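Notes follow the structure.
The values are calculated or read from the model by the stated rules, or taken from the named source; none is laboratory data. Please read all numbers here as calculations on a predicted model, not as lab measurements. FYI the Cβ positions are ideal-geometry reconstructions off the backbone, even for glycines, and counts take in every protein chain you see. Just so you know, the surface numbers come from the protein's heavy atoms only, side chains and all, with ligands and any DNA or RNA stripped out. Shrake-Rupley method; radii C 1.70, N 1.55, O 1.52, S 1.80 Å.
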Amino acid sequence: MISRRDFLQTSMAASAILGASSFGQWSRVAAQQALTQDQLLQFDTFGNVSLIHITDIHAQLKPIYFREPSINIGVGDNKGQVPHVTGADFRKMYGIDDGSPSHYALSSGDFSALAQAYGRVGGLDRVSTVINAIRADRPDAILLDGGDTWHGSYTCYQTEGQDMVNVMNALKPDAMTFHWEFTLGSERVQEIVEGLPFAALGQNIFDAEWDEPVDIFPPYKFFERGGVNVAVIGQAFPYMPIANPGWMFPEYSFGIRDENMQAMVDEVRAKGAELVVVLSHNGFDVDKKMAGKVTGIDVILSGHTHDALPEPVLVGETIIVASGSNGKFVSRVDLDVRDGRMMGFRHKLIPIFSDVIEPDKAVTEVIDAQRAPYMAELSEVIGQSESLLYRRGNFNGTWDDLICDALISEREADIAMSPGVRWGPSILPGQDITREDIWNVTSMTYGRAYRTEMTGEFIHVILEDVADNLFNPDPYYQQGGDMVRLGGLGYRIDITKPQGSRITDMTLLKTGEALDASKTYQVAGWASVNEGTEGPQIWDVVESHIRKQGTVRVEPNNSVKVIGA
């Protein structure tokens, strides 16, 4: 008799070989330049429950360009495992043809040329069209938003997230969880959450003083779908006070809280849950570890690390689904639930090719209404780019190189630091840079550009600390984003070394001299988590720099030497 695990592994193999994931189908068709909306949406309905997953939208209402990372290094048990496979290796793993739209959507190679051929991606009115099509096929599908929704644009900043709330309400999610939303401040988050027409979930959101769950963020919600009792458990970003300013939300504490997650799984099972889904903002490697520690989870819908994987990953009897970011993908997962157990699945990662998918006119109207008061500011051209501007990658991206150049120039600094955040659309060579484009990569509620003195020794401590957040072999200690981006400073990093000994050969680029541990340097940066940080807003700094340049060109950055990848 076939075991449940064997059944799930068979489902995974069918997904890869027979096209149950539907990924290979649109890849091959699109390679012939004949992609249609019907082909993107085609799906062989399966089982009795459907999940729809979107995550990490970062307030991107309109179609954009978005380049996937070329470098995503895994460490420990995750070395060489997805999502830490990129480029040609990634394409080979999934059978993706070079030059196909799947190459463009999921890989970084030849990005500028492929972007010219296949156009922009995303746009929440196109996302709505996909959601509506799934609901037409499976009317009781559960739509789940993995968070990082009310953050990341000019209009989101100006409206304190209300533009995104209004548009997302039009999409009618069933539940969401959280991360950057809390940087609006706890009072604003509470105000929005109390008015949401859907569940705001977080089993790990606790009262900081009493270490008790918070009523407005229930740990889970039940849904009756397809004759199945489905429990969705929320998991907010665990490391809020470390990665973001704790003073903005002092009432709350977070953490992974494995023991409480196990208790919640056991509790919903005891209440009759036949399918347990975790809506997570942990990040993919953390989700993998959690799946190995907490028993009884059927599906983890993963967010935070912006990974887009064309097939789920199986850990024990738990499938983990990664749905990308910036509104670029929608995941559909159909599940066969029988006798109180999840017995099989079909999955499709649906790319939102903006020129192929017809926008939902009703949602377009809502989006345009949010943007209308700000169109003059949004559309003003500040300069042009000769280079591909992108963010993503463990060590640098050209957008952050440009931001660091602006900090050094405008703030008269020796060294610049830009946070290793993953959000922000791309700009193609020859494209205008508008004010909206600048805000799309700088918008946050603590964006002051500081200028301060740091010793070489203190700079080394900072780099070692950030490196451990990224390259600690235990995923539960990976508490940040990517490596802090540097301007004016080069270094060598051995990711196999322990904390305190990864960073060597720090060099001041303008002189070629080794950084002196005892010497003081002028350092400019932004996004400090310290309360009361002073300085101009980063978007003003970058705008001033681009205006002076007129046309910007970012030279290749070879200042970081990586060992042990």
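Couple of notes before you dig in:
- Against the test of being among the hydrophobic types (A, V, I, L, M, F, W, C), within 27 Å of residue 387 (Cα to Cα) and assigned to a loop (DSSP other than H, G, I, E, B), the options 423, 439 yield a single qualifying residue, 423.
- Pairing residues of the stretch 145-168 that are closer than 16 Å to residue 185 by Cβ and open to solvent by 30 Å² or more (accessible area, probe 1.4 Å) with residues that are part of a helix (DSSP H, G or I) and at pLDDT 95 or above, at Cβ distances under 6 Å and at least 6 apart in sequence or on separate chains, gives 160/184; 160/188.
- Residue in the stretch 222-235 that is under 17 Å from residue 145 (Cα atoms), among the polar types (S, T, N, Q) and in contact with a strand residue (DSSP E or B) (Cβ under 8 Å, 6 or more places away or on another chain) present: yes
- Residue count, the stretch 439-462 (criterion: within 30 Å of residue 498 (Cα to Cα) and crowded, with 21+ Cβ neighbours inside 10 Å): 1
- Taken together, the criteria exclude residue 341 from residues that are within 26 Å of residue 127 (Cβ to Cβ), basic (Lys, Arg) and open to solvent by 50 Å² or more (accessible area, probe 1.4 Å).
- The residues in the stretch 472-506 that are open to solvent by 40 Å² or more (accessible area, probe 1.4 Å) and part of a strand (DSSP E or B) can be counted, and the count is 3.
- Among the residues of this structure, residue 133 counts as one that is farther than 30 Å from residue 386 by Cα, in contact (Cβ under 8 Å) with a residue 12 or more places away in the chain and of a type in the set (A, V, I, L, M).
- Qualifying residue in the stretch 238-261 (condition: under 21 Å from residue 332 (Cα atoms) and free of Cβ contacts under 8 Å to residues at least 60 places away in the same chain): no
- Single condition residue 89 does not satisfy, out of (1) crowded, with 17+ Cβ neighbours inside 10 Å; (2) at pLDDT 95 or above: (1)
- Criterion violated by residue 389 - all others in (1) open to solvent by 70 Å² or more (accessible area, probe 1.4 Å); (2) closer than 13 Å to residue 433 by Cβ satisfied: (1)
- The residue list 520, 551, 496, 507 contains one member that is over 29 Å from residue 184 (Cβ atoms), of a type in the set (Val, Ile, Thr) and without any contact (Cβ under 8 Å) to a residue 60 or more places away in the chain, which is 507.
- Just one of the listed residues (358, 365) is open to solvent by 10 Å² or more (accessible area, probe 1.4 Å) and under 28 Å from residue 103 (Cα atoms), namely 358.
- So residue 296, is it small (Gly, Ala, Ser), outside any strand (DSSP E or B) and open to solvent by 30 Å² or more (accessible area, probe 1.4 Å): yes
- Considering the stretch 64-167, the qualifying helices (runs of 4 or more DSSP H), each wholly inside and each with 1 or more residues that are under 30 Å from residue 36 (Cα atoms), run over 87-94, 101-106, 111-118, 124-137.
- Checking residue 540 against (1) assigned to a loop (DSSP other than H, G, I, E, B); (2) of a type in the set (Asp, Glu); (3) touching a strand residue (DSSP E or B) at 6+ places or on another chain (Cβ under 9 Å), the condition it does not meet: (1)
Conditions (1) more than 16 Å from residue 309 (Cα to Cα); (2) in contact with an Asp or Glu (Cβ under 8 Å, 6 or more places away or on another chain); (3) in contact (Cβ under 8 Å) with a residue 60 or more places away in the chain, marked per residue:
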| site | (1), (2), (3) |
| --- | --- |
| 89 | no, no, no |
| 95 | no, no, yes |
| 102 | no, no, yes |
| 106 | no, yes, yes |
| 114 | yes, no, no |
| 121 | yes, no, yes |
| 125 | yes, yes, yes |
| 129 | yes, yes, yes |
| 141 | yes, no, yes |
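- The residue that is nearest to residue 79 (Cα to Cα), counting only those in the stretch 263-287 that are open to solvent by 40 Å² or more (accessible area, probe 1.4 Å) and not aliphatic (A, V, I, L, M), is 266.
- Within the stretch 45-63, the set of residues being assigned to a loop (DSSP other than H, G, I, E, B) and out of contact with any Gly (no Cβ under 9 Å at 6 or more places or on another chain) comprises 45 only.
- Members of the stretch 327-343 that are among the small types (Gly, Ala, Ser) and at pLDDT below 95: 340
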